[in-house]
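Below is one structure, written out as structure tokens; comments come after it.
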Amino acid sequence: MILLLLACNQIKMAPKDIDGLAHYFWQNMEEDAELIGQGSINLFDALNANTLNEPQNGLITKLSKAELELVNKGDEDPTKATGVFYANIVNCSLEGIEPGIYAANQDERHPDTYTYYDREYTSDKAAYEARESDTLTWYTTYTVEGLGANYTANLHGYIRYIDFIDDEITPYGPIIISRGVLDEPAYFNNSDERGLFQDYQMEVYFERAPGETVHFYTIWREMVYAGAADFDSETVQSFVLDGFEDWDQDSEDLCPD
């Protein structure tokens, strides 16, 4: 336990680089709000968010075993999960985007992504929406079909809303941070060799200006698609990253603002 605490608390001050910030947010997602605020300030600068006008993406370093233990995944091998990040501006307010993050009808919101989707809330949704709780959790089962990668996956989801009164903590207003963790391997077409074996996703949202929301998305994934095509492949990564851009476009199209 002592070693775990030391590993998880090794980053006290928010890093200034994208890779370091990805790990910082993952480690501090459930910690003091001020830590998330510090991270958002540095992320704003690391992404050059004032001038960000097209999606950015790139590789990030792998999670550690201690970081997996934060989400009860200590038995998995973190060296097998490759990390990438994506950043973009969504032309919608944070208030307009937020309900779509935790909505149960993701298959309707993103019809090109899912063929089946079911989300069951595991904490009080009404309390979250009333701001009586700053977190909401859920359990999701979804099915994806296409390009020989038909599979059904189960995951645990989490969202946290952080508001700040003191603008010195963050000048960008409220922050939303969310996480998705694959519950168990999801095999493709009943194969025991191809599938989604590890999947850890995280999103950070905050506004750079009214109606312009920074979307920072990270994913660490172990997946074997076909033959040598796994998540280390730039082609496979590009396919996934393009999906993030489509997701943001759906959010803009559905924005109530």
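The values are calculated or read from the model by the stated rules, or taken from the named source; none is laboratory data. The model shown is predicted, which means the values in this text are computed figures rather than measured ones. Methodologically, a virtual Cβ is constructed for each residue, glycine included, from the backbone with ideal geometry; neighbour enumeration extends over all protein chains shown. Just so you know, the surface numbers come from the protein's heavy atoms only, side chains and all, with ligands and any DNA or RNA stripped out. Shrake-Rupley method; radii C 1.70, N 1.55, O 1.52, S 1.80 Å.
Here the sum of -39500 (n - 2.57) over DSSP H runs of 4 or more residues, divided by the residues of the chain, equals -8500 deg cm²/dmol at 222 nm, to the nearest 500. What's the center-to-center distance, using Cα atoms, between the range 230-257 and the range 40-118 in Å? Rounded to whole Å, the Cα centres lie 10 Å apart. Would you kindly give the portion of the calculated P(r) for the range 56-193 that falls above 28 Å, as a percent of all Cα pairs? Roughly 28 percent, once rounded to a whole number.
Relative contact order for the range 1-154: what percent, with Cα pairs under 8 Å and sequence separation of 6 or more? Once divided by the residue count of the range 1-154, the mean separation gives 14 percent. Sequentially through the range 184-197, phi angles give Karplus couplings (6.51, -1.76, 1.60; θ = phi - 60°) of 7, x, 10, 7, 7, 6, 6, 7, 9, 10, 10, x, 9, 9 Hz, Gly and Pro residues having no value and appearing as x. For residue 30, no residue 5 or more places off, or on another chain, has a built amide H under 5 Å of its own.
Once backbone amide H atoms are built at 1.01 Å from N, residue 58 has 85 as its partners under 5 Å, excluding neighbours fewer than 5 places away on the same chain. Rolling a 1.4 angstrom probe over the protein heavy atoms with all chains in place gives the range 1-120 an accessible area of 51 Å² per residue.
With the convex hull of the Cα atoms taken as the outline of the range 99-257, the averaged projected area works out to 10.2 nm².
How many lysine pairs in the chain, separated by 8 or more positions in sequence or lying on different chains, have Cα atoms less than 22 Å apart?
7
As a rough guide to protection, the peptides 156-163, 34-41 ranked by mean Cβ packing within 10 Å, highest first, stand as 34-41, 156-163.
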